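What follows is a short report on a single structure.
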Amino acid sequence: MAKVSTKSSKAIPIVKALLVSYILTAILLLLLSLIMYKIDPPGAVISVGIVLTYIVSCFAGGFLLGTAKKEKRYLWGMGMGIVYFLIILVVSLIFSKDIFGELGSTIAVFLICGLSGMVGGMIS
């Protein structure tokens with residue numbers, strides 16, 4: 001029994017960091033949609049807003065996980081960013097079957113999520 005509780009207690013900071021990241025993502029995307037509704041910005045501004053949402057969310061999750069873990073914080077942050085990306089990828093594959101049509105942008109988002117999570121973990 002002690003091993004089970006130890007494993008679950010190790011997973012709690014990861015789940016918390018992911019939860020905070022996705023809540024922050026939802027808030028930022030709602031703000032972006034409000035801006036789109038009120039101002040009707042060009043497509044480039046919307047793309048920058050989405051990329052900034054990825055960066056801020058993964059950075060925050062990496063920072064939280066880095067403060068929870070005391071060793072190898074940059075790896076924990078990068079891992080959090082990668083898990084964040086993988087969840088988004090799976091959800092995107094469920095709703096849109098043609099996600100790999102734009103492989104370059106998928107790889108770019110993977111790198112953005114991993115690197116911003118790593119920077120968050122390093123700064124923590």
- A careful count of residues in region 28-74 that are of a type outside the set (A, V, I, L, M, F, W, C) and in contact (Cβ under 8 Å) with a residue 60 or more places away in the chain gives 2
- Note on the structure: Among the residues of region 84-106, the number that are more than 23 Å from residue 14 (Cα to Cα) and open to solvent by 60 Å² or more (accessible area, probe 1.4 Å) is 7
- Query: Can you pull out the residues in region 65-83 that are among the basic types (Lys, Arg) and buried (at least 17 other Cβ atoms within 10 Å of the Cβ)?
  - Reply: 69, 73
- Query: Given the structure, is residue 123 open to solvent by 60 Å² or more (accessible area, probe 1.4 Å) and touching a residue at least 60 places away in the same chain (Cβ under 8 Å)?
  - Reply: yes
- Item | Only listed residue being of a type outside the set (Lys, Arg) and open to solvent by 70 Å² or more (accessible area, probe 1.4 Å), chosen from 20, 45, 56 | 45
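The values are calculated or read from the model by the stated rules, or taken from the named source; none is laboratory data. Bear in mind the structure is a predicted one, so any value in this text is a computation, not a measurement. No Cβ is skipped: glycine too gets one built from the backbone with ideal geometry, and neighbour counts run over all protein chains shown. Heads up: the accessible areas ignore ligands, DNA and RNA and are worked out on the full protein's heavy atoms, side chains in. Shrake-Rupley method; radii C 1.70, N 1.55, O 1.52, S 1.80 Å.
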